[in-house]
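Working notes, beginning with the structure itself.
The values are calculated or read from the model by the stated rules, or taken from the named source; none is laboratory data. None of these values were measured; they are calculated from a predicted model. Methodologically, a virtual Cβ is constructed for each residue, glycine included, from the backbone with ideal geometry; neighbour enumeration extends over all protein chains shown.
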Amino acid sequence: MYRPQADTALLVRELRRSTIAVGARVLEVGTGTGAVAVAAARGGARQVVAVDVSARAVLAARLNALARGLSIQVRRGDLFTPVTGEVFDVIVANPPYVVGEVDPASLRGRARAWEGGVDGRWLLDRICAAAPQYLARRGTLLVMQSSLCGVTRTLEALEAAGLRASVAARAHEPFGPVMLARAGALEAQGLLRAGQRHEELAVIRADRPDDHEPPVPGSGTEQRAA
Ligand SMILES: C[S@@+](CC[C@H](N)C(=O)[O-])C[C@H]1O[C@@H](n2cnc3c(N)ncnc32)[C@H](O)[C@@H]1O
C-alpha cells in the first residue's frame, strides 16, 4: 500500500488551488489509499470515481471514503478499463514513475505502486495517450511525475494527443528509501548528478480544448477540426 507522500500532497494542493473539482465529475486512476479522491470529494466534486489495480488499495480507499462519510465509487482494474465509455471533467493521477530495471508488467504487490520501468514512463505514456478519450470537452487532466522521467516528453505526448499541456506546479523533494537505494545506478546512467539526492516533482496540467477552439498546432485535433 502506497502511503500518501510528498507527491500525493503536491497533487492534492494543485487540485485544490485550481478549483477544477468543484461541481465536476472526477476520476482518479491509481488511487492507493484514496487520499486524492477524498480531497476531490471534499473539494465539492459532483461525482468521484477512483480506480486501482490493487485489491488492497481498493479496499483501503473504500474504507477511507466510508470513514469520512464520502460518496466515492472505487473500482478495481487496469487504468481506464473500469470506466470504459464514461467521460469526466477532471482526471487526476499519481502513477508509479520510479526509474528502474524492474519490469512493471511482471510485478505483484507493493512495488507496483512505484515501479515505472526503465524510463519511468510505463503508465505515464499510457495515461497521456488514453486520457483525452475519457475527458469531457474543456476537461482537465492533472498528472504527477518526477523530472527524472522527462517532463518535456509528457508535455509533447499530451499535445500530440490534442490537449493543451503545461507544468502547473513543481517541488524539490529529497529521495525516499527506494530512490536512495537506486541513486548509484541512476548516477551511472547519467540521470543524476554526482551526489544528487533529490528530485524535482512536477504536476502536469492538460486541458481538452472546447471543440470550437482553434486546434492545438501539431496535434491530431487539426485533422478533427478540418
Ligand atoms: C504512486 S501510487 C499513488 C497512490 C495515491 N494516488 C497517492 O497519490 O497517494 C500509484 C498507485 O497506482 C496503482 N497502480 C499501479 N498500476 C496500476 C494500473 N495499471 N492501473 C491502476 N492502478 C495502478 C498502484 O496500486 C498505486 O496504488
For region 82-198, which helices (runs of 4 or more DSSP H) that fit wholly inside it have 1 or more residues that are at pLDDT 95 or above and either β-branched (Val, Ile, Thr) or within 30 Å of Arg46 (Cα to Cα) (or both)? 124-134, 151-160
Count, please, the residues in region 46-56 that happen to be among the charged types (D, E, K, R) and either part of a helix (DSSP H, G or I) or crowded, with 17+ Cβ neighbours inside 10 Å (or both). 2
Here's a check for you: in region 21-36, which residue that is more than 8 Å from the ligand (Cβ to nearest atom) and buried (at least 23 other Cβ atoms within 10 Å of the Cβ) is farthest from Phe80 (Cα to Cα)? Ala21
Search result, residues across region 92-115 that are hydroxyl-bearing (Ser, Thr, Tyr) and near the ligand (Cβ under 9 Å from one of its atoms): Tyr97
Would you check which residues across region 23-48 are in contact (Cβ under 8 Å) with a residue 60 or more places away in the chain and either of a type in the set (Ser, Thr, Tyr) or closer than 13 Å to Ala93 by Cα (or both) and list them? Val26, Leu27, Glu28, Val29, Gly30, Gly32
Would you mention how many residues in region 66-81 are more than 9 Å from the ligand (Cβ to nearest atom) and assigned to a loop (DSSP other than H, G, I, E, B)? 5
In a helix (DSSP H, G or I) and near the ligand (Cβ under 8 Å from one of its atoms): which single residue out of Leu59, Leu11, Leu63, Leu15 fits that description? Leu11
Only one of (1) assigned to a loop (DSSP other than H, G, I, E, B); (2) near the ligand (Cβ under 8 Å from one of its atoms); (3) surrounded by 18 or more Cβ atoms within 10 Å (Cβ to Cβ) does not apply to Pro4, and that is (3)
So, in region 135-192, how many residues would count as being in contact (Cβ under 8 Å) with a residue 24 or more places away in the chain, among the small types (Gly, Ala, Ser) and surrounded by 14 or more Cβ atoms within 10 Å (Cβ to Cβ)? 14
